[in-house]
1. How do 348-357, 321-330 rank on mean C-beta neighbours within 10 Å, highest first?
2. Using 7 Å Cα-to-Cβ label points, what is the A168/Y33 separation (nm, one decimal)?
3. Starting with the highest mean, order 361-368, 150-157 by the number of other Cβ atoms within 10 Å, averaged over the residues of each peptide.
4. Using the Cα atoms of the range 144-183 to build a convex hull, what is its mean projected area in square nanometres?
5. Might you work out the accessible area of Y19 for me, using a 1.4 Å probe with all protein chains in place, and round it to the nearest 10 Å²?
6. Please state the shape class of the range 1-143: rounded when a/c is under 1.5, otherwise prolate if a/b exceeds b/c and oblate if not, all from the C-alpha gyration tensor.
7. Suppose the chain between A267 and Q60 were pulled fully straight at 0.36 nm per residue; how much longer would it get relative to their current alpha carbon spacing?
8. Would you work out the Kirkwood radius for the range 85-228? I mean one over the mean of 1/r across all pairs of different Cα atoms, in Å.
Amino acid sequence: MTALGKLFRTTTFKLTLVYLTVFALFAAFLLGYFAWNTRRLFTEQITATVDAEIGGLAEQYRLGGLRRLVLVIDRRSHQPSSNLYLVTTAAGELLAGNVGALPAGVLEKPGWTETEYRRLEDPDGPPHQAVVKIFELPAGFRVLVGRDLEERERLHEIVISGGRWSIALVVVLGLAGGFFVTRRVLKRVDAMTETTRTIVGGDLTGRLPVAGTGDEIDRLAENLNAMLERIEALMRGMKEVSDNIAHDLKTPLTRLRNRAEEALRMAKGEADYRAALERTIEESDALMRTFNALLMIARAESGHARGDMTEFDAAEIARGVGELYEPLAEEKGLALRVEAPEAVTVRGNRELVSQALANLVDNAIKYAVPDKQAAGGSQPEILVRAYGEGDRAVLAVMDNGPGIPQADRGRVVERFVRLEHSRSQPGSGLGLSLASAVARLHGGELLLDDNGPGLKAIIALPRGGPVQSAG
């Protein structure tokens with residue numbers, strides 16, 4: 001398709017033609033109304049002038065009869081003006097006046113009429129238009145008084161001619177403006193199309209150009225760019241997850257297979273087979289927990305869980321998680337304390353928030369320093385807090401473990417990331433990733449800070465739930 005053909009097929013050019021047509025029709029209507037109204041007003045002025053002339057002639061007729069009327073009309077008809085006069089006998093013979101010829105039958109119709117006539121001084125010349133009034137006197141004499149319409153027709157022609165040129169100028173300027181605007185829009189659309197082709201080809205780093213004008217195309221490009229950034233991040237995350245799954249799940253799967261082979265080779269009785277099966281079940285449960293965590297992260301990041309949001313008490317969740325993990329903390333020689341004195345109402349997904357908080361408490365128990373290792377012999381403690389902070393609900397978990405270096409705090413929320421000092425502890429490296437995904441789902445954030453010593457992990461959520469985008 002040629003560039004001109006593409007231009008004519010664009011929606012912008014079609015809309016320009018529609019608006020231009022509507023405007024031209026409206027302008028033509030206004031012009032016609034103005035021309036008609038001007039013509040009407042001019043005609044009314046002419047008839048008023050003719051009526052005044054007739055009034056004067058009637059007075060002359062009253063004072064001196066037909067003879068005086070003929071003399072007055074004869075005198076006036078020789079004066080330079082646009083007035084027309086004619087007095088004839090009943091047989092149509094000219095007595096006085098400046099009208100040379102009229103169409104047949106005109107004098108036989110008393111009253112107002114618009115007719116052609118020829119001037120007395122130019123009987124062979126072109127006909128002229130006039131508005132006249134005819135009335136009949138006693139004995140069949142007829143009198144015609146009127147006025148030439150040349151001035152009215154000239155004014156009408158000036159108005160119509162000016163209107164034609166105005167409409168033509170509007171159409172030309174409208175087409176030129178439409179061509180310019182359409183070409184500009186088409187150029188931007190073509191640039192966006194080229195970018196989308198590179199994106200379809202697999203290059204997710206491409207972004208739609210933004211002109212900076214703030215118009216609807218810019219807003220569309222900005223929204224699409226935000227969507228592309230999100231897609232790129234998800235695809236990058238999917239690739240990383242795939243790589244991490246292939247790497248981190250390879251070891252337990254290999255261990256499962258080796259134990260099964262060892263049991264087949266080395267087991268000598270039922271007890272050996274039972275022990276091998278128990279170890280296999282334990283490894284399988286760990287794998288299932290890993291996959292369940294991945295599914296929960298995917299559910300949180302997809303946003304589908306927003307449909308299950310209700311109002312609940314975050315303080316009640318904190319107390320419930322504390323009660324659940326208190327025996328595990330005691331086994332490790334830790335004190336687990338919950339501070340949630342007041343209700344903290346928040347709108348969200350109760351199940352995911354509970355799981356996120358449970359992950360933080362589980363991590364704190366894993367990495368907290370046991371009693372016999374605590375500095376100064378003080379009782380090591382894990383503190384779980386739930387409180388309101390303005391329009392936010394805050395869930396905080398504080399421990400006295402090794403903490404997380406400042407440089408690693410942005411990295412530990414990624415899937416399967418485990419720091420060196422945590423390699424000896426059981427886990428999959430998905431706990432903080434899930435907590436971060438749940439916080440983002442609710443329009444909040446996961447904050448990691450120093451607890452001096454240890455780590456302070458905070459989930460801050462807006463009480464009213466996530467803010468829905470208006471775009």
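The values are calculated or read from the model by the stated rules, or taken from the named source; none is laboratory data. Bear in mind that the values here come from a model prediction, so they are computed numbers and not experimental data. Virtual Cβ from ideal backbone geometry, glycine too; neighbours counted across all protein chains shown. Protein only, heavy atoms only, side chains kept; ligands, DNA and RNA dropped before computing areas. Shrake-Rupley method; radii C 1.70, N 1.55, O 1.52, S 1.80 Å.
1. Details: 348-357: 22.4, 321-330: 16.6.
Output ranking for 348-357, 321-330: 348-357, 321-330.
2. 2.5
3. 361-368, 150-157
4. Values: hull surface 11.4 nm².
Mean shadow area of the hull around the Cα atoms is 2.8 nm².
5. 150
6. Working: a/c = 4.27, a/b = 3.23, b/c = 1.32.
Prolate shape, in that a/c is at least 1.5 and a/b is the bigger ratio.
7. Details: separation 207, 0.36 × 207 = 74.52 nm, distance 14.85 nm.
Here the answer is 59.7 nm.
8. Numbers: mean 1/r = 0.0458 Å⁻¹.
Taking every pair of different Cα atoms in the range 85-228, averaging 1/r and inverting gives 21.8 Å.
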